[in-house]
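**Student:** Have a look at this one.
No lab work stands behind these numbers, since they all come straight from the coordinates. Values in this document were obtained by computation on a predicted structure and should not be read as measured data. Please note: Cβ atoms are built from the backbone with ideal geometry, for glycine as well, and neighbour counts cover all protein chains shown.
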Amino acid sequence: MFFKYVLRGLLLWIPFLAQAQMENMAVIEKGSYVPLYGRDSLRVKIDRFALDVYPVTNADFKKFLKEYPEWQKDKVKALFADGNYLRHWDANGSLKKGESLKAPVTNVSYFAAKKYCECQGKRLPTLDEWEYVAMADETTADARVKDSYNEFILSWYEKPNSFHQEVGSTFKNYWNIYDMHGLVWEWTSDFNSVMISGESRRDVDKDNNLFCGSAAIGSSDLMNYAAFMRYAFRGSIKANYGVRNLGFRCAKTINK
């Protein structure tokens, strides 16, 4: 009888847990798009899924560190994070002076981002899911042909220290998602799944050396330099890297 009540309680709790996980997420309807890689790129299908409305903030990650102290900068295993991991934090888990809790968290490795999402009952978005959502502007699901869309992205690339801005600082796009462009680059679950030429895979220490346009060769759209930069950047990083302008947001699969 005891186990019967426990099971009933669990069944009642599941809907509330699912609802909590979907808080501050937007549903992305299924569709398809042509990725900006490969000369003969085929249309990729995207299943319905949910995505965080905002990037994960310093405040969000601070809560995570408190609950999972093994991911603090002085305790994380070297295998999972390089020397830049949480570089803008103190050893005691507090942000250094001049950093905002409302800004997107950066200097976080792929492993830490993946673990964070898993602890929320979520996951990192795939590269194709991220690109599918990121090609939208305020009114159009695919705004890549608009000069204004690409000009906005390219102007952001030239803007220093945008990672200090608070989340929600940029426009809300067609899917009701903020900050896909304008604040920070973002991890995806398969960030290095698209192979690019070796010239952009140099061993470097400075963040600005991770940007390279050589990935443009062989792309299906040679005019979209903004996208080339993203693919080149992804191909230049490793999973344990912490980068000052690289953050993340979480996604969630929606069962059919």
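**Student:** Can you compute the charge dipole magnitude of segment 66-195 about its Cα centre, using +1 on each Lys and Arg Cβ and -1 on each Asp and Glu Cβ, nothing else charged? Give it in debye, rounded to the nearest 20.
**Tutor:** 600 debye
**Student:** Could you pull out the pairs from K62/K102; K115/K172; K66/K252 whose alpha carbons sit more than 18 Å apart here?
**Tutor:** Beyond 18 Å between Cα atoms: K115/K172; K66/K252.
**Student:** Another question, if that's okay. May I ask for the net charge around W175, where only other residues with Cβ less than 13 Å from the Cβ of W175 are counted and Lys, Arg are +1 while Asp, Glu are -1?
**Tutor:** It works out to a net charge of -4.
**Student:** Could you sort 164-171, 74-81, 113-120 so that the peptide with the highest average Cβ count within 10 Å comes first and the rest follow in order?
**Tutor:** Going from most to least packed, we get 113-120, 164-171, 74-81.
**Student:** What residues qualify as long-range amide H neighbours of V44, i.e. H under 5 Å apart, gap of 5 or more or another chain, H built at 1.01 Å from N?
**Tutor:** Under 5 Å from the amide H of V44: Y33, V34.
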